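Let me begin by presenting the structure, written as structure tokens, before commenting on it.
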There are 2 protein chains.
Amino acid sequence: MSWRKEQRRAERGYHHGNLKEALLQAALGLIAEKGAAGFTFADAARMAGVSAAAPYRHFRDRDELLSSIAQRGFEQFESRLAAAWDDGRPDTVTAFERVGKAYLAFAREEPAFYNAMFESGVPVDANPALQAASESAFNIIRAAAERLAALTPPGTPRPPAMMMALHIWSMAHGVASLFSRGDAARRKLPMSPDELLEAEVLIYLRGLGFPTDRRPAGKSAEPPPVPPEASSGSGVPPGGPWGKPK
Amino acid sequence: MSWRKEQRRAERGYHHGNLKEALLQAALGLIAEKGAAGFTFADAARMAGVSAAAPYRHFRDRDELLSSIAQRGFEQFESRLAAAWDDGRPDTVTAFERVGKAYLAFAREEPAFYNAMFESGVPVDANPALQAASESAFNIIRAAAERLAALTPPGTPRPPAMMMALHIWSMAHGVASLFSRGDAARRKLPMSPDELLEAEVLIYLRGLGFPTDRRPAGKSAEPPPVPPEASSGSGVPPGGPWGKPK
DNA sequence: CAGCTCATGTAAAGGTCGTTCACATGAGCT
DNA sequence: AGCTCATGTGAACGACCTTTACATGAGCTG
């Protein structure tokens, strides 16, 4: 009958010892499998080998567990974006695009976190810690935009950095949501989500007056480590950001 | 005891007469209130005044109801986008921006549909009719992008229309998801979602070489009804798409 | 109009969940 | 050794989803 359960109990004793962490891990796995909507408090408890009531000793309710995961997600998100930004090295534009790629990579590689953060319906502003984590992550993008805005070529009006940050965020989030996750990824596209976002950002930056005449997928060494003082938007780059127009 | 129920029954007889439609309407209202995740099959049945089992005569399960709503949503979405596009009148760029606004307006004014379409976790590719409706809606954007791509100023490489369409879609979806709905709308922004998206699209179009020297919110009559043959990207428009940089 | 049929609705029941409550256990401190 | 309190258990409640056997009556057939 309750053979497994008894054995589990024998293995770990009456007290689990690290149930909170075990529940978070279990939930993460379940969300990755079935989405935040399909994830079940009871399932997480089962997976941790405890009764259905045990989780209530560590989380007020199911939403609080979800909220905790979202918060953790934002923290990891921030650290990945920060690593990608690398304080603007080797040059601002390159680093900026790396942030965009990191955004997509996170959405792809951490579907459970991404789901909890953006698709689970968790009200971000209800939990101050969660809200703070969310803002910290966004601040990476904001800081990057700030630096980028400071580089606008002379003669070009300087865009508000906040606006740029919001624009970039919306592009990354839009691409990730629509094309880079779960079923949505199955839409047949003429290019990969990464390429799509990279082209989008490059075109956008060019619209702001930035010289963006690098090859998108080119692996050649950084041609100019010092981007400022490049030619102002006089002509059109040889190849569009979408590769050979053939 | 079951006073209300008996009375209801007396009013409408044993057979409802139009239960399927009533369920769809009830579900729409419930989703608008509590989101697709919180919406309940039983609740919809109650609201229609029938037993909890009755809906199963019209929908295989809860997911099929949700899927039907999503499909209906895509159909209305398509017609609103089509009306906004108006076949490119009075000029392509103006009409294009109107489509972007229509996207946001739909997300704002039809939260229930938008939720079912993009946030309910309904697998779009599982239902052929739903998939077709979704593609029809996207095709409006695609067609608009096609026309816009054909207008690229001479000397500018012509971007693939499909890519443009995907870019625009991702921007609109990103802005709508992040800033224009529910709790997300509470984030304090320096500008409205509409303005944010409009500026984003304008900058993007300028990045493609389009002349976009119109005032964003300006209501002045269309200066040039014939956009082609405008100056190639020689200079920078007087005021940025984000208004006075003051 | 009588009678039949079948789409449509009902009640009841089984299974799962979220959540609460009274009670059990045992780790750590005194 | 004994106490305490955080942590876990089992039972129970109500809500939901879904299936099943049965009830109703609208519309057709003769």
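Here are the numbers:
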| quantity | calculated |
| --- | --- |
| Leading residue by the ranking (surrounded by the fewest Cβ atoms within 10 Å (Cβ to Cβ)) among those in segment A:127-147 that are facing another protein chain (nearest Cβ under 10 Å) and without any contact (Cβ under 8 Å) to a residue 40 or more places away in the chain | A:Glu135 |
| Number of the condition not met by B:Pro154 [criteria: (1) on the phi < 0 side of the Ramachandran plot; (2) in contact with a helix residue (DSSP H, G or I) (Cβ under 9 Å, 6 or more places away or on another chain); (3) surrounded by fewer than 18 Cβ atoms within 10 Å (Cβ to Cβ)] | (2) |
| Among (1) open to solvent by 20 Å² or more (accessible area, probe 1.4 Å); (2) of a type outside the set (A, V, I, L, M); (3) within 25 Å of A:Arg181 (Cα to Cα) - the single one A:His58 does not satisfy | (3) |
| Matching residues, segment A:148-199, being within 7 Å of chain B (Cβ to nearest Cβ), at pLDDT below 95 and within 15 Å of the chain's Cα centre (by Cα) | A:Ser177, A:Leu178 |
| Among residues of segment B:49-104, those that are more than 30 Å from B:Gly13 (Cα to Cα) and not assigned by TED's automatic domain parsing to the domain that holds B:Ala149, counted | 0 |
| Within segment A:104-126, tally of residues that are away from chain B (no Cβ under 12 Å) and in contact with a Gly (Cβ under 8 Å, 6 or more places away or on another chain) | 6 |
| Scope segment B:1-39; condition within 14 Å of DNA strand C (Cβ to nearest atom), modelled with pLDDT under 95 and acidic (Asp, Glu); matching residues | B:Glu6, B:Glu11 |
| Segment A:73-126: number of residues that are closer than 15 Å to A:His173 by Cα, surrounded by fewer than 18 Cβ atoms within 10 Å (Cβ to Cβ) and not basic (Lys, Arg) | 2 |
| Every residue from segment A:30-55 that is open to solvent by 60 Å² or more (accessible area, probe 1.4 Å) and outside any helix (DSSP H, G or I) | A:Ser51, A:Ala52, A:Ala53 |
| Pick from segment B:18-71, criterion among the polar types (S, T, N, Q) and under 20 Å from B:Glu119 (Cα atoms), ranking: nearest to DNA strand D (Cβ to nearest atom) | B:Thr40 |
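The values are calculated or read from the model by the stated rules, or taken from the named source; none is laboratory data. Since the structure is predicted, the reported quantities are computational estimates derived from the model, not experimental observations. Quick reminder, even Gly has a Cβ in these numbers, built from the backbone with ideal geometry, and neighbours come from all protein chains shown. In case anyone asks, the SASA skips ligands and DNA or RNA and just uses the protein heavy atoms, side chains included. Shrake-Rupley method; radii C 1.70, N 1.55, O 1.52, S 1.80 Å.
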